[in-house]
Amino acid sequence: MSSPVFDDVHEKADGSPCPRSVVKVDKRAVDVAALFLQDFDGANEVELNAEEAEKLRRKIDWHLMPLMCILYLMTFADKTTLGQSAVLGIHLEYRQSAHLDQTQFNWLGTVFYVAYLAFQYPQGWALQHFPAAKWMCVNIVVWAIALLCHAACRSFGALLVVRIIMGVCEGAIASGFLLVTGMFYTRAEQVERVGYWCSMNGVAAVLLGLMGFGVLHIHTSSFKPWQWLTTITGVLTLVVALAFWIYFPDSPTSAWFLTPAERAAAVHRIRANQTGVENKVWKREQFVETLTDPKTWVFALFSIVTQLLNSLTNQRQIIVNQFGFDTIDTTLVGCVDGVVQGMSHSLLET
């Protein structure tokens, strides 16, 4: 594959041009957006006026945001099924049959995030080297299968394995969503879009509470309410993953719902981000620059502090239940914080 050629023209002190020099660049190191525009015949005609840019942005919104929101909703619901299952019988059943004590239950929540943290780098590497949407979809399918396997687990060790698998797969989702959002939207647009899919955490809490209320009214001797919950959410996640695979694009340069001219315009409109669209070559100097940037560490500290309360996710329903609510009321009370969270996102975005 031939390397792209870029002219490197300089001026002398008197303003006359220096002799024309040609710089050859390894094609692998060039962003796919630059290669796409180079091959696009109408590269000089991709400038949009305000009305055209708004129309293109709305088209991107309608094709991306629903799928991103639904998938993020399901991933949050899936990983918090353990907390909901605690009041649906998993804690009592395993305490009787597999001697699952409180410490082991806590480990089921902890090991998820240990695996999540351990696989952040491998997942980041994969997102860079493979089509982002397809890689996320593969992880979601594995994730959903692991969730379905919860219903078949009969020991602490088995539950530990499926929780680890879910943690490994979770590492691709938030990073992948941020990556894709940066591909399609300008910096000014990204904050609102991230807010859209992050607000699904609240919707997921409400949905999971209502599902918990519903499965408590399913009376079967061989299948417990918590098994119904993990099975239903697992099947729903598989369906969403299938839709994501078919309809979600990997980048603006391959978006099926855009014409070739719109793809070029979509790439051109985010040039102000100065981040490119997709590059599969790891650059050491950029890595070092990131590590030495104080803002990186401020963001890391902020994330750690804000996520401390996230450790209560798996204990929330147990805590509510211990206030004296029965099991059915506990599932409904669990919806309240989801409503508040969703309202907070809406207020902060306006």
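Scan the stretch 286-299 for residues that are surrounded by 10 or more Cβ atoms within 10 Å (Cβ to Cβ) and at pLDDT 85 or above and the total you get is 8.
Taken residue by residue, the stretch 93-108 has no member that is free of Cβ contacts under 8 Å to residues at least 12 places away in the same chain, surrounded by 14 or more Cβ atoms within 10 Å (Cβ to Cβ) and hydrophobic (A, V, I, L, M, F, W, C).
Going through (1) free of Cβ contacts under 8 Å to residues at least 60 places away in the same chain; (2) outside any helix (DSSP H, G or I) one by one, LEU88 falls short only on (1). Being under 18 Å from LEU73 (Cβ atoms) and among the aromatic types (Phe, Trp, Tyr) is a condition met by at least one residue of the stretch 164-185. State yes or no: is THR292 touching a Ser or Thr at 6+ places or on another chain (Cβ under 7 Å) and without any contact (Cβ under 8 Å) to a residue 24 or more places away in the chain? It is false that THR292 is touching a Ser or Thr at 6+ places or on another chain (Cβ under 7 Å) and without any contact (Cβ under 8 Å) to a residue 24 or more places away in the chain. Filtered by the rule that a residue be polar (S, T, N, Q) and at pLDDT below 90, the stretch 180-205 gives THR186, GLN190, SER199, ASN201. When only residues in the stretch 137-185 that are small (Gly, Ala, Ser) and crowded, with 20+ Cβ neighbours inside 10 Å count, which is farthest from the chain's Cα centre (by Cα)? It comes out as ALA146. When only residues in the stretch 229-240 that are in contact (Cβ under 8 Å) with a residue 60 or more places away in the chain and surrounded by fewer than 21 Cβ atoms within 10 Å (Cβ to Cβ) count, which is farthest from MET74 (Cα to Cα)? Among them, the one singled out is THR231. Which of the residues belonging to the stretch 259-285 are at pLDDT below 80 and farther than 21 Å from PHE177 by Cα? Passing the criteria: only LYS283.
The values are calculated or read from the model by the stated rules, or taken from the named source; none is laboratory data. Bear in mind that the values here come from a model prediction, so they are computed numbers and not experimental data. Note that we place each Cβ from the backbone using ideal geometry, even for glycine, and neighbour counts take in every protein chain shown.
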